[in-house]
Amino acid sequence: MTQSGFEEVKFLAEEFKEEIIAWRKHIHMYPELSGKEYKTAEFIVERLKEFGIEEIYPAFGGTTSVVAYIRAENPSDGKAVGLRADIDALPIEEKNDVPYKSRVPGVMHACGHDAHTAMLLGAAKILNQLRDKLPRDVKLIFQSCEEYPPCSGARALVEAGVCDDLGVIFGMHVYPEIPSGTVGVKEGAMMAAADFFKVELIGKSAHASKPHMGVDPILMAAQAINSIHHIVSRKVNPLHPAVVTIGKIEGGYAPNQIPDEVKMEGTVRTFNEAVRDKIADWMERALKGIAEVYGGEYRFEYIHGYPPVINDKNATRYVREVVKKLLGEDRLIELTEPSMGGEDFAYYLKKVPGSYIRLGTRNEEKGLVYPLHSAHFDVDEDILPLGSALFASLALGYGKTPEGGNF
Ligand code: NI
């Protein structure tokens, strides 16, 4: 793609700026939880039709996702370029006092998926006007359920064959840790595998004054918490990053009673499958040992969440080149460390090369400094056209040769 091509994309993104921002505000006001994005999907389909995009597949793979194609007028042999935005919201009560505040009690776009949806819609509008310049078909993936691993939209779409005709895929996430308008890239490990676990420690109820008559699951839980936290510090190679957190504990009824049961739930984050398996294994061993020592029982469930997000080297190099040409080298940030957060974009990357990109949205002057999933999170709307321009440029510049990634 020539420099004038990039200028044209930027010009169109700027022209559609108010619209893109209005879409984002609308989606923000009417957030929907994972797997239930019916109105959001309808909104997406309506916009795509308005742009004149005809090949639309709502409810793709039996999910609430919307998949659509923008066909190149002069296609090459190369497979399609996939552009993905996630569309679901979170069960969080919004604390921002803004005119576009969530109208749905207890539900909020606190992870910026409203912005992702609006940016990809903007890119769709741009790309549909530039179909004569497209080197290959573009597949738009508006994916449901990223926030709730049991219903992962990415996993469902991949199983339904969404990657079969893709040569490459790009995903973008707004990121309040880097300045507004910058783009963060990283080759290789980008995000952790995010697993969950449930523990039940079963004792025997007794009066608090007669502990010898019962089996105290609260004491078992205390030992379990201790032992589980020792796995990362004593069983995992210190050069392999891992986190274990117990985020929920429940047990007991009264100050003078030893209860019959304590339940705990938590999460494990890793970048390496062997470490992942090792942690699950050692947790079970610890629980088994504790149950035996105290004369109680245990139940343990380890729920495998999203795999680690591993960015392809060449696809990421390509993103770098596009960012430099579209925005300038000073807007490119090399992320040195992966994030321990999970993301189901990992499933696409297991099938097809691609890159998951961070779009900076931190703006201290506007007070936009809150982390993702905060009830105060908000995006800097001025960057939305930039996100659209970047998505569009990634598709336009990908090149005609089957290997792609060249200009
Ligand atoms: Ni997110």
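No lab work stands behind these numbers, since they all come straight from the coordinates. Given the structure is predicted, the values throughout are model-derived calculations rather than measurements. In this analysis, Cβ positions are derived from the backbone assuming ideal geometry, glycine residues included, and neighbour counts consider all displayed protein chains.
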Legend entry - Spread of Cα-to-Cα distances over 10 Å intervals beginning at zero, given as percent, for the range 1-102: 12, 34, 35, 16, 3, 0
Inset, instruction - Treating the angle as unsigned and between 0 and 90°, give the value, to the nearest 10°, between the Cα long axis of helix 3-15 and the longest Cα principal axis of the chain. - result: 70 degrees
Legend entry - Given charges at Cβ of Lys, Arg, Asp, Glu: the chain dipole, positive-most of ASN226, GLY342, LEU396: ASN226
Inset, instruction - Treating cross-link reach as a plain straight distance, find the lysines whose alpha-carbon is under 22 Å from the alpha-carbon of LYS186, omitting any fewer than eight places away in the same chain. - result: LYS313, LYS324, LYS325, LYS350, LYS351
Inset, instruction - For each of VAL379, VAL293, VAL262, count neighbouring Cβ atoms within 10 Å of the residue's Cβ, then give the residues from fewest to most. - result: VAL293, VAL262, VAL379
Legend entry - Principal axis dimensions, largest first and in whole angstrom, of the range 250-401 by Cα: 66, 41, 21
Inset, instruction - Calculate, axis by axis, the spread of Cα positions in the range 181-220 along the three principal axes, and write the results as whole Å, longest axis first. - result: 63, 20, 10
Inset, instruction - Sort 134-143, 351-360 for me by packing, meaning the mean count of neighbouring Cβ atoms within 10 Å per residue, highest on top. - result: 134-143, 351-360
Inset, instruction - Hand me the tally of lysine pairs in the range 193-306: alpha carbons under 20 angstrom apart, and the pair either on different chains or 8 or more positions apart. - result: 11
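What is the Cα convex hull volume of the chain when expressed per residue in Å³? Mind dumping the intermediate values first?
Numbers: hull volume 59.8 nm³, N = 407.
It is 147 Å³ per residue.
How far, in nm, would the chain grow between LEU239 and HIS304 when pulled straight, counting 0.36 nm per residue and subtracting the alpha carbon separation?
On the way: separation 65, 0.36 × 65 = 23.40 nm, distance 2.24 nm.
Full extension of this stretch gives 21.2 nm more.
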Legend entry - Isolated Cys residues of the chain, judged by Cβ distance under 4.7 Å to other cysteines: CYS111, CYS163
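Using just the Cα positions, wrap the range 193-306 in a convex hull and report its mean projected area in square nanometres, one decimal place. Numbers along the way, then the final one.
Details: hull surface 26.8 nm².
Seen from a random direction, the Cα hull of the range 193-306 projects 6.7 nm² on average.
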Inset, instruction - Restricting to the chain, compute how many DSSP beta bridges are antiparallel as a %, nearest 5. - result: 65 percent
Legend entry - Relative counts (whole %) of C-alpha pair distances in the range 291-347, using bins that are 10 Å wide: 17, 29, 23, 12, 9, 8, 3
Inset, instruction - Compute the acute angle (0 to 90°) between the alpha-carbon long axis of helix 384-396 and the principal axis of greatest extent of the alpha-carbon atoms of the chain; round to the nearest 10°. - result: 70 degrees
Inset, instruction - Would you pull out the residues with amide H under 5 Å of TYR370's amide H, same chain only if 5 or more places away, H placed 1.01 Å from N? - result: ASP378
Legend entry - Acute angle (nearest 10 degrees) that the helix 113-129 long axis makes with the longest principal axis of the chain, alpha-carbon atoms: 20 degrees
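What's the extension gain from ASN226 to GLU54 if we count 0.36 nm per residue and subtract their Cα-Cα distance?
Numbers: separation 172, 0.36 × 172 = 61.92 nm, distance 5.77 nm.
Gain on stretching ASN226 to GLU54: 56.2 nm.
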Inset, instruction - Scan around ALA206 for amide H atoms under 5 Å from its own, H built in the peptide plane at 1.01 Å from N, and keep only partners 5 or more places away or cross-chain. - result: ILE258
